[in-house]
Amino acid sequence: MNIQDVLVFTTAVSAGSLSEAARRLGMPSMTATRRLAALEATVGVRLMHRTTRSLSLTAEGETFLPYAQALVENTEEALAQFNSGTQKASGLLRVSVPVAFGIQFVAPLVPQLLEAHPSLRISLDLSDALPDLVSSGMDLAIRIARLKDSNLIARKLADNPRVLVASPDYLRKYGTPRTLEELQQHNCLPIANIQQWNFVADGHERHMRLNPRFSATSIEGCHAVSIAGGGIALLANWNVEKDLQSGRLVEVKLEDVAPQTIAIWAVYPTRKLLPAKVSVFISALQEVLDKSTSGNG
């Protein structure tokens with residue numbers, strides 16, 4: 001049984017179509033079709049009902065799927081054991097990162113990763129929403145949040161301290177809040193669908209309910225509006241460092257609470273051993289974040 005044929009089958013199931021599976025695996029659609037046909041010939045049964053745009057598993061396909069997935073995972077694990085010394089990444093790495101973070105930290109990494117690993121290809125999805133890693137085919141997502149429990153594996157890369165900021169013009173016009181109660185009377189600029197900001201005081205969490213007149217789907221929108229004088233934003237230190245130095249933004253320090261520190265996470269589907277392309281990317285990003293943290297310390 002050819003493992004590449006099995007890989008086409010498992011990828012087609014998660015992708016929802018053979019054409020999408022071919023794209024994820026970096027092969028022509030015709031090749032994927034032939035590999036699936038070869039697998040069906042080997043096992044002696046039809047595994048999928050398929051059209052040009054969609055597919056569905058046969059009863060035999062449903063039975064075969066868990067064995068196929070285990071076969072692919074075990075093969076990847078075995079290869080990784082033999083290749084762990086070289087750590088040469090190959091294939092297509094699909095990674096989702098928040099927009100502002102991706103531009104500042106991830107995009108500058110891409111050239112050196114591609115140069116160090118000639119067989120590696122990278123597809124970067126810039127989005128502040130956490131995708132369904134399984135259905136979207138993403139190998140990895142970097143997220144800055146308080147993660148909810150899930151079936152995904154999450155590895156903490158770094159802390160992500162945050163500050164309240166506003167433009168000097170806004171503070172001159174509306175005043176500077178000194179307490180959490182006063183902050184609630186100001187124009188706050190949250191990410192869309194965020195219902196509260198979290199703070200800490202004497203080791204205890206405190207929350208401020210939000211009723212904003214403005215919100216944005218990306219933190220970059222909140223950042224831009226705060227610079228323009230639209231209100232107070234809660235942003236990461238790395239995101240506003242240059243603005244604070246230049247005076248475009250001013251830190252708003254409250255007397256009774258401080259913004260809660262969240263973390264930067266690498267999130268990936270559950271599996272026993274990470275492919276080299278994922279572990280190489282995480283290691284490179286970890287190194288950048290470590291340098292950034294020590295530089296700010």
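Just to be sure I understand, how many residues within the range 33-70 are in a helix (DSSP H, G or I) and under 28 Å from the mean Cα position of the chain (by Cα)?
5
Find the helices (runs of 4 or more DSSP H) located wholly in the range 211-297 whose residues include 2 or more that are touching a residue at least 40 places away in the same chain (Cβ under 8 Å), polar (S, T, N, Q) and assigned by TED's automatic domain parsing to the domain that holds Ala116, and list them.
On the way: elements: 219-227, 237-246, 276-296.
Those helices (runs of 4 or more DSSP H) span 276-296.
For a quick check of your reading of the model, give me the residue pairs whose first member lies in the range 58-74 and is under 14 Å from Val43 (Cα atoms), whose second is polar (S, T, N, Q), with beta-carbon atoms closer than 7 Å and at least 6 apart or on different chains.
From residues that are under 14 Å from Val43 (Cα atoms), the pairs are Ala68/Thr10.
Here is a yes/no grid of residues against (1) in the same structural domain as Leu18 (by TED's automatic domain parsing); (2) part of a strand (DSSP E or B); (3) among the hydroxyl-bearing types (Ser, Thr, Tyr); (4) at pLDDT 95 or above:
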{"site": "Ile144", "(1), (2), (3), (4)": "no, yes, no, no"}
{"site": "Lys148", "(1), (2), (3), (4)": "no, no, no, no"}
{"site": "Ala154", "(1), (2), (3), (4)": "no, yes, no, no"}
{"site": "Leu171", "(1), (2), (3), (4)": "no, no, no, yes"}
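How many of the residues making up the range 30-53 are loosely packed, with under 12 Cβ neighbours inside 10 Å and closer than 17 Å to Gly16 by Cα?
5
State all residues of the range 107-127 that are in a helix (DSSP H, G or I) and surrounded by 13 or more Cβ atoms within 10 Å (Cβ to Cβ); if no residue qualifies, say none.
Of everything in the range 107-127, those that are in a helix (DSSP H, G or I) and surrounded by 13 or more Cβ atoms within 10 Å (Cβ to Cβ) turn out to be Ala107, Leu109, Val110, Leu113, Leu114, Ala116.
The values are calculated or read from the model by the stated rules, or taken from the named source; none is laboratory data. On a predicted model such as this, the values are computed, not experimentally measured, just so you know. Heads up, the Cβs are rebuilt from the backbone with ideal geometry, glycines too, and the neighbour counts pull from every protein chain shown.
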